[in-house]
1. Mind checking whether some residue in region 258-268 is surrounded by fewer than 24 Cβ atoms within 10 Å (Cβ to Cβ) and outside any helix (DSSP H, G or I)?
2. Residue 77 fails exactly one of the following numbered conditions: (1) under 26 Å from residue 122 (Cα atoms); (2) loosely packed, with under 14 Cβ neighbours inside 10 Å; (3) at pLDDT 90 or above. What is the number of that condition?
3. Would you call residue 93 more than 23 Å from residue 166 (Cα to Cα) and surrounded by fewer than 17 Cβ atoms within 10 Å (Cβ to Cβ)?
4. With respect to residue 240, is the statement that it is surrounded by 17 or more Cβ atoms within 10 Å (Cβ to Cβ), at negative phi and part of a helix (DSSP H, G or I) true?
5. Out of all the residues in region 142-165, is one or more assigned to a helix (DSSP H, G or I), under 22 Å from residue 46 (Cβ atoms) and out of contact with any helix residue (DSSP H, G or I) (no Cβ under 8 Å at 6 or more places or on another chain)?
6. Restrict the check to region 220-236 and report whether at least one residue is crowded, with 19+ Cβ neighbours inside 10 Å and either at pLDDT below 80 or not in a helix (DSSP H, G or I) (or both).
7. Take residue 86 and decide whether it is surrounded by 19 or more Cβ atoms within 10 Å (Cβ to Cβ), modelled with pLDDT of 85 or more, over 27 Å from residue 252 (Cβ atoms) and in contact with a helix residue (DSSP H, G or I) (Cβ under 8 Å, 6 or more places away or on another chain).
8. Quick one: residue 290 ticks every box in (1) in a helix (DSSP H, G or I); (2) without any contact (Cβ under 8 Å) to a residue 24 or more places away in the chain bar one, so which box is it?
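The values are calculated or read from the model by the stated rules, or taken from the named source; none is laboratory data. Quick caveat, the model's predicted, so the values are computed rather than measured. Every residue, glycine among them, receives a Cβ derived from its backbone with ideal geometry; neighbour counts consider all protein chains shown.
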């Protein structure tokens, strides 16, 4: 029964916040324009501040788990290349290819995964998944911009790819956070307070915006691609990665952090990026909807199973 409550308390609060966003939108408390503005503000301000804060307060280099970080980076690249092979084999439309590949390898780790790990292991253990942000976010954003640019359907411009990578606020925040972590620099007290207060808004606001942004009609479009991507993202990828991690001896907070990286739904930020880079925004929106709702079931089952087996 304890495994049930561990998984219940880790997943349900996030789903309730998403549902609240759906309710606000249905009742007319949030207009489409307001949702778009809030989404943009979350993308350029609140989430980057949260990323910086998580790395800044992670405990420094002394709290790093080198084996976990190396395995995570290697697994992300493995998932990326596997997704590239799979999608280019079954899908011919360039824009759909880019959208599907990004949706498979890029997870909502910062907004969905880190809070889940904190719910599972407590605030005192939050530094482990937070440190992974310094590895995960840069890799996600570099690979996402590259794959969407390659499958944009036009001529590839390396200079433009590099500029788009450097302009991404998530990546900039991660780099700044790592810089502070490595050098040991500290913000003044009032600066730390401001960062903490803004970061506290990021997760609930992003989840509410996500709920308010749901368009059920989008789920009906590109159903074959949607189902393939969702099943791969929520079931096949975490089973293979977590299975490998267990065989290699990862347990407890390390395994929980890997669960957060590879079993979380597709990143909310994926939608804004595909819009900017002329990829398939409708398909991406549908995948975000499907993986977010589906992860409430799959994450519950993964957490329950791993807790029951004594691996978490």
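1. Yes, some residue in region 258-268 is surrounded by fewer than 24 Cβ atoms within 10 Å (Cβ to Cβ) and outside any helix (DSSP H, G or I).
2. Of the numbered conditions (1) under 26 Å from residue 122 (Cα atoms); (2) loosely packed, with under 14 Cβ neighbours inside 10 Å; (3) at pLDDT 90 or above, the odd one out for residue 77 is (1).
3. When the stated conditions are applied, residue 93 passes them.
4. Answer is no for this residue.
5. So far as region 142-165 goes, no, none of its residues is assigned to a helix (DSSP H, G or I), under 22 Å from residue 46 (Cβ atoms) and out of contact with any helix residue (DSSP H, G or I) (no Cβ under 8 Å at 6 or more places or on another chain).
6. Yes, that holds for at least one residue.
7. no
8. Evaluating residue 290 over (1) in a helix (DSSP H, G or I); (2) without any contact (Cβ under 8 Å) to a residue 24 or more places away in the chain leaves (2) as the failure.
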